[in-house]
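One structure is given here, and the rest of the page talks about it.
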Amino acid sequence: MNSSPAFSASARTIVQRCGGVLLNTVFSVLGTGGIEAIVGPLYRPHSGRSAILKAWVLDVAIAALLGVIAQLSLRTSTMRWAWVLPAIAFSTRASSYAVSAGNIFDHFSGQACAIELQGRPCSDFFLFTVPLVRALSYSVAAAFATYWRQSRRESKIA
């Protein structure tokens, strides 16, 4: 069994990129959560709605900051694809929920969790929506950082 060098190089590239996407996804979700665990206790919400709002604001802000910092320091293209795996998980769960139950927006936005403060709406929000929001914020910010770096480089040349 003789494999060509071109095939093994392309297979290696595919494995490296898939690994990069997986690592960036894990970093965007868990890194944001780690920083949020440190910063989060500075504000203690007094209602379910303010707890959900706090989660949204901190997730977007911290994940975006991590995306910019990571992109400017590491400069890899796989950061822009960190949203794919959480999006697949979210869409799978949202599809199964839509078939069996009611309002998808209330359920997955955290609104139903803010009212009930327990049960399935909260677990779906924290297991599916939060990772998607973190990964999307991370990826969009990384793409913005790439665009910003390229436009600064082009303006220096001109």
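Bear in mind that the values in this text are calculations on the coordinates, not laboratory data. The structure presented is a predicted model; accordingly, all values stated were derived computationally and were not measured. Note that each Cβ is placed from the backbone with ideal geometry, even for glycine, and that neighbours are counted across all protein chains shown.
Could you tally the net charge around I35, taking each other residue with its Cβ under 14 Å from the Cβ of I35, Lys/Arg +1 and Asp/Glu -1? Net local charge, I35 excluded: 0. Axis angle, to the nearest 10 degrees, between helix 84-100 and the longest C-alpha principal axis of the chain: 40 degrees. Please report the net charge: other residues with Cβ closer than 15 Å to the Cβ of V99, K and R +1, D and E -1. Result for the local shell: +1. Applying the criteria of a DSSP loop state and at most 16 other Cβ atoms within 10 Å to the trypsin sites (Lys or Arg not before Pro) of segment 33-82 yields R75.
Specify the angular offset, from 0 to 90 degrees and rounded to the nearest 10, of the alpha carbon long axis of helix 48-74 from the longest principal axis of the alpha carbons in the chain. Around 10 degrees separate the two axes. Checking (1) 1.43; (2) 1.09; (3) 0.98 against the coordinates, the calculated Rg/Rh (Cα atoms, Kirkwood Rh) falls under label (2). When the helices of the chain are scored as -39500 (n - 2.57) per DSSP H run of n ≥ 4 and the total is divided over every residue, the value at 222 nm lands at -24500 deg cm²/dmol. Compared with the direct C-alpha span, the chain from L74 to F126 gains 15.9 nm at full extension, assuming 0.36 nm per residue.
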